[in-house]
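The values are calculated or read from the model by the stated rules, or taken from the named source; none is laboratory data. Because the structure is a prediction, the values reported are computed rather than measured. When we count neighbours, we look across all protein chains shown, and the Cβ atoms used for this are built from the backbone with ideal geometry, even at glycine.
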Amino acid sequence: MRKPRNRLLEAFTVAASIALALLASVASTQAVLYHYDSEKAERTAALAVAHVEAIAADSIAASHSASKGGQQCSPDDLDALRQIALQASHLSDVGRIANGRIVCTALWGKLADAVKLPKPGYQRSHFKIWRSADVPGTRYEDTNLVARGELLTVSSPSAFDDLDPERKGRILVYTKDNLYVFKDLEAREKQDLLSPYVIERHTCSNYIDACASVRLGRTAAWHLPSSSLLAIAVGSIVIGSTASIWLLRRRHRPRGLDEKLASALQKGLIAVEYQPLCNAFTGQVLGWEALSRWTTPSGEVISPEIFVPLAQIHGLGPTLARYVVQRSLSELRIRLRDRSLYVCVNVEPADVADIDFPSYVRAAVARKDISPAQLKFEVTERTDIIQPKFLKNMQAMQAEGFCFLIDDFGTGNANFSHLAKTRFDGVKIDRLFTSALGTPSPLRSVLPAIYELAKTLNLDVTVEGVESGVQLDVIRQIAPKATVQGWHLGRPQPAEMLDIQ
């Protein structure tokens, strides 16, 4: 029988899950509505600019056509003007100007009393514009009059009416310098100009001196139809209930290995041991490779071959890499006061490609007063190493003094063409080829070939897996400048047990 306290906790979990699901549903619905409203405002602004471009195109075309006419305001000229007006879908009238007055138009014919044009509302070298309301004596309303030389064009008053038939927003069409407004369509309902619930979008023409601004009220989720609100509520209950069941089951089930690894990293329970890297002839320790080790609280030893790939699969790779960097620099800090010594840390390309990795490493060496050249990275070849983000971060770190080697070279994806392209600082030859030395295996010739090619490319070479004196003697002959590593030279040990030969 469950305790009352557990029942209360489970009830709270269910209620909280439903409440969060409802909140998330409303928030996501509002986000969708905002996206829809934003797109609508952008489309309307673009359409308004397209309309004013079409009006300008009709006006320019009318000016060119009218220049071919005969005597101004003659019957033939008026017929020509009417033909021009009929062909221009965005113009309501076309007329003639003489001595600053409108003397005839296609719509009204020859005017008995010519209409004097006042100072234009906007003027450029090739055209003048007036609002119809600013020209006394005209019969035009809510439109613009444009003069191009002696030709007058009048834009259609309804040219912008289809932009927002419901008039939910305000549309302004104006010149780029904001000195003249071609059209101002007010919303039917007054908008608060400072309201966060209003979307404003602007766009300008690439061809003419015109821009458009659209202010549109945002659609609130609670303004949706009741059927939609009911669907959101029911969906939230279903999702919240399902989530609460999953959480309760997860709470009572045993934790997976990936969760235990995440917890171990958080609590600092991953140990690091250090295997010496030595001079092949003298045996002098040049540095160490940092190797992570994991023993669970129950005493179970988890092999790195298991938990390192597991970390990559579950997104813990960068965390593990940073953990080993921080711990190795802390534990070897005193030994690394000797600037000739260094430590190598194993990383994956994805770890280095992480956007914050360079800054993290830079800060880590600065805190411990360690030179960047004393921290080297052995890049594992599980995936293709030619990745733009990885290469960018690696090259930036190399410029600061950090070194990069390809680990287990010869058995992964990398090859010498990669080395030539990516400019690694060195390679570590896989133990598979070391074990073939001194044997009749056909692989015995691979290590010397890799060594010679690496030296041609001016790369440092480390040979791992040296397990016997015979192998070491062969390496001294075929790879005299190589750094060596293996149980014959020293096994991995905790930092406090290291001896510098």
* Asked: Name the residues in the stretch 443-501 that are touching a residue at least 40 places away in the same chain (Cβ under 8 Å), more than 30 Å from THR422 (Cβ to Cβ) and surrounded by 13 or more Cβ atoms within 10 Å (Cβ to Cβ), would you?
  -> LEU472, GLY490, GLN493, ALA495, LEU498
* Asked: Using beta carbons and a limit of 7 Å, which pairs, at least six apart or on different chains, have the first residue in the stretch 291-304 and of a type in the set (Ser, Thr, Tyr) and the second one in a strand (DSSP E or B)?
  -> SER292/ILE270; SER292/VAL272; THR295/VAL301; THR296/ILE302
* Single unsatisfied condition, ALA373 versus (1) surrounded by 14 or more Cβ atoms within 10 Å (Cβ to Cβ); (2) small (Gly, Ala, Ser); (3) touching a Phe, Trp or Tyr at 6+ places or on another chain (Cβ under 9 Å); (4) closer than 23 Å to ALA262 by Cα -> (4)
* closer than 16 Å to ARG43 by Cβ and modelled with pLDDT of 75 or more - does that describe any residue in the stretch 176-184? -> no
* May I ask you to say which residue of TYR360, TYR342 is out of contact with any Gly (no Cβ under 6 Å at 6 or more places or on another chain) and modelled with pLDDT of 95 or more? => TYR360
* Check off (1) assigned to a loop (DSSP other than H, G, I, E, B); (2) at pLDDT 95 or above for GLY412 and give me the number that stays unchecked. => (2)
* Within the stretch 291-305, identify whether any single residue is part of a helix (DSSP H, G or I), in the same structural domain as ASP369 (by TED's automatic domain parsing) and not acidic (Asp, Glu), and answer yes or no. => yes
* To do: Output yes when any residue across the stretch 114-125 is in a strand (DSSP E or B), in contact with a strand residue (DSSP E or B) (Cβ under 6 Å, 6 or more places away or on another chain), in the same structural domain as SER205 (by TED's automatic domain parsing) and closer than 23 Å to SER205 by Cβ, and no when none is.
  => yes
* To do: For the stretch 388-406, enumerate the residues that are of a type in the set (A, V, I, L, M) and touching a strand residue (DSSP E or B) at 6+ places or on another chain (Cβ under 8 Å).
  => MET394, MET397, LEU405, ILE406
* Asked: Looking at (1) in contact (Cβ under 8 Å) with a residue 60 or more places away in the chain; (2) part of a loop (DSSP other than H, G, I, E, B), which is the one condition that is false for THR138?
  -> (1)
* Subset of the stretch 148-172 that is among the hydrophobic types (A, V, I, L, M, F, W, C) and over 25 Å from HIS64 (Cα atoms) - its residue that is surrounded by the most Cβ atoms within 10 Å (Cβ to Cβ) -> ILE171
* Answer residue from the stretch 157-173, given it is within 16 Å of VAL198 (Cβ to Cβ) and touching a helix residue (DSSP H, G or I) at 6+ places or on another chain (Cβ under 8 Å) and is modelled with the highest pLDDT among those -> ILE171
* Could you please find all residues in the stretch 96-110 being at pLDDT below 90 and out of contact with any helix residue (DSSP H, G or I) (no Cβ under 8 Å at 6 or more places or on another chain)? => TRP108
